[in-house]
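Notes to accompany the following structure.
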Amino acid sequence: MALDKRIKEKINSIMESKPHIGMDELVEIVKEYAPKPDTDKLINQEYRRMAQRIMSGYKDEKGVRDCFSVKADNGNEYVNVSRTTEKADLQKVRQQLSKKYRGLNKSLRKIDVREQILDGQLSMDIEADQKRRQINE
């Protein structure tokens, strides 16, 4: 089911004028426009979340995560990178982690620029230039 576009429009409108929004406020906006969810579906989602939390906490003796979810023919499956004998499994996990890494690095660079602006190290002209580049990406 597609998300009602009014939800995103209202949230975007708020975020254009405020630097923060609380989760409770977001939930109220969603409740206003979204249909009531299916109870059975919610129960299954909660079980999936519990299973995901268990698997994300599966770590080696040094505290490094061992299991990662990857797309499979029949949905998602978890790969234990310390135990797999399939190089393709490792490549799937590497691709997934690399994509997340690149996205996080872009966000970190954006934060660095904003901190410099707030510290007065960069002019507002540079901020405007950054916005133009983000729009073009």
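The values are calculated or read from the model by the stated rules, or taken from the named source; none is laboratory data. Just so you know, these numbers come straight off a predicted model, no measurement behind them. Quick reminder, even Gly has a Cβ in these numbers, built from the backbone with ideal geometry, and neighbours come from all protein chains shown.
General observations
- Some residue of the range 52-60 being closer than 30 Å to residue 2 by Cα, loosely packed, with under 13 Cβ neighbours inside 10 Å and in contact with a strand residue (DSSP E or B) (Cβ under 6 Å, 6 or more places away or on another chain): no
- Residue in the range 14-22 that is surrounded by 12 or more Cβ atoms within 10 Å (Cβ to Cβ) and either within 30 Å of residue 133 (Cβ to Cβ) or without any contact (Cβ under 8 Å) to a residue 60 or more places away in the chain (or both) present: yes
- Of all residues in the range 43-68, those that are hydroxyl-bearing (Ser, Thr, Tyr) and at pLDDT below 95 total 2.
- Qualifying residue in the range 15-27 (condition: modelled with pLDDT of 95 or more, among the polar types (S, T, N, Q) and farther than 30 Å from residue 86 by Cα): no
- Qualifying position, being in contact with a helix residue (DSSP H, G or I) (Cβ under 9 Å, 6 or more places away or on another chain) and either assigned by TED's automatic domain parsing to the domain that holds residue 3 or part of a helix (DSSP H, G or I) (or both), among 42, 26, 97, 90: 26
Listed here are the residues, each with its yes/no results for (1) of a type outside the set (A, V, I, L, M, F, W, C); (2) farther than 18 Å from residue 56 by Cα; (3) modelled with pLDDT of 95 or more.
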| residue | (1), (2), (3) |
| --- | --- |
| 76 | yes, no, no |
| 90 | no, no, yes |
| 96 | yes, no, no |
| 101 | yes, no, yes |
| 108 | no, yes, yes |
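- Options 70, 27, 64: the member that is surrounded by 12 or more Cβ atoms within 10 Å (Cβ to Cβ) and β-branched (Val, Ile, Thr): 70
- Evaluation of residue 11 against the conditions (1) loosely packed, with under 12 Cβ neighbours inside 10 Å; (2) part of a helix (DSSP H, G or I) shows that the sole unmet condition is (1).
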